[in-house]
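Here's the structure, in structure tokens; my notes come after.
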Amino acid sequence: MIIEPTEIFDVKIITPKKFGDHRGFFSETYNSQKFQEGGINLNFCQDNHSFSQQIGTLRGLHFQMAPFAQDKLVRVSRGAIYDVAVDIRVGSPTYGKWIGRVISAELWNQILVPKGFAHGFCTIESDTEVQYKVSAPYSLESEAGLAWDDPNLGIDWPLGTNKPILSDKDKNYPNLQELPNYFNY
């Protein structure tokens, strides 16, 4: 398992080893001991699975407030996404900065998005399946979000001239400058 830092230190790219033969492959996608050896000490409590049929399905930017703030370990078992994490920790040296990476079944990579980040993704292949572990259970009362198209963030979603396929909820989140201080660095 390879754990790589990104330009936003707390966000990591993780690439599990994949062992293949004539039958297919085997991969250990999560191992708490190997994560701890890599400096990641998290306890995951829930696994989530999403399916997006169409290219351009955009989910996000989501987060949960305390006491249900979530770390997320995101991977793709079929298809590909452009995954984005935005630092919303007031006082952080990377506050308001974002990182985007392609996460795909072909690359067999994962992204670790810590608490204090808004998270979202856009499908870049049809019939994409995303699985992610979270460190706190889902809580409707703690659910919040950030505008996917905040012009001050300037996220370069891979949509070309197409409009994203969004949920009604994701169309109405505030821009970063309107967001209360949910997280402090």
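Some observations on this one:
- Within segment 18-55, being free of Cβ contacts under 8 Å to residues at least 24 places away in the same chain and surrounded by fewer than 11 Cβ atoms within 10 Å (Cβ to Cβ) holds for Phe19, Gly20, Asp21, His22, Arg23, Gly24, Phe25, Phe26, Gln33, Asn41.
- Against the criterion of being in contact with a Gly (Cβ under 8 Å, 6 or more places away or on another chain), aliphatic (A, V, I, L, M), closer than 30 Å to Asn162 by Cα and at pLDDT 95 or above, Leu61 qualifies.
- Positions within segment 42-70 being in a strand (DSSP E or B) and β-branched (Val, Ile, Thr), in sequence order: Thr57
- Set side by side, the residues Ile3, Ile13, Ile8, Ile111 differ, and just one is of a type in the set (A, V, I, L, M) and farther than 30 Å from Gln177 by Cα, which is Ile3.
- Within segment 1-16, being surrounded by 11 or more Cβ atoms within 10 Å (Cβ to Cβ) and not in a strand (DSSP E or B) holds for Met1, Thr6, Ile8, Phe9, Asp10, Val11, Pro16.
- Any hit, segment 84-102, residues being within 19 Å of Phe9 (Cβ to Cβ), surrounded by 18 or more Cβ atoms within 10 Å (Cβ to Cβ), among the basic types (Lys, Arg) and touching a His at 6+ places or on another chain (Cβ under 9 Å): no
- Across segment 113-136, the number of residues qualifying as of a type in the set (A, V, I, L, M) and surrounded by fewer than 24 Cβ atoms within 10 Å (Cβ to Cβ) comes to 4.
- Among residues that are within 22 Å of Ala144 (Cβ to Cβ) and touching a Pro at 6+ places or on another chain (Cβ under 6 Å), Asp47 is not included.
- Of the listed requirements (1) within 13 Å of the chain's Cα centre (by Cα); (2) more than 30 Å from Phe19 (Cα to Cα), Lys72 misses just one: (2).
- Checklist (1) surrounded by 18 or more Cβ atoms within 10 Å (Cβ to Cβ); (2) farther than 14 Å from Gln131 by Cα applied to Arg59, failing item: (2)
The values are calculated or read from the model by the stated rules, or taken from the named source; none is laboratory data. All values reported here derive from a predicted model rather than from experimental measurement. Note: ideal-geometry Cβ built from the backbone for every residue, glycine included; neighbour counts use all protein chains shown.
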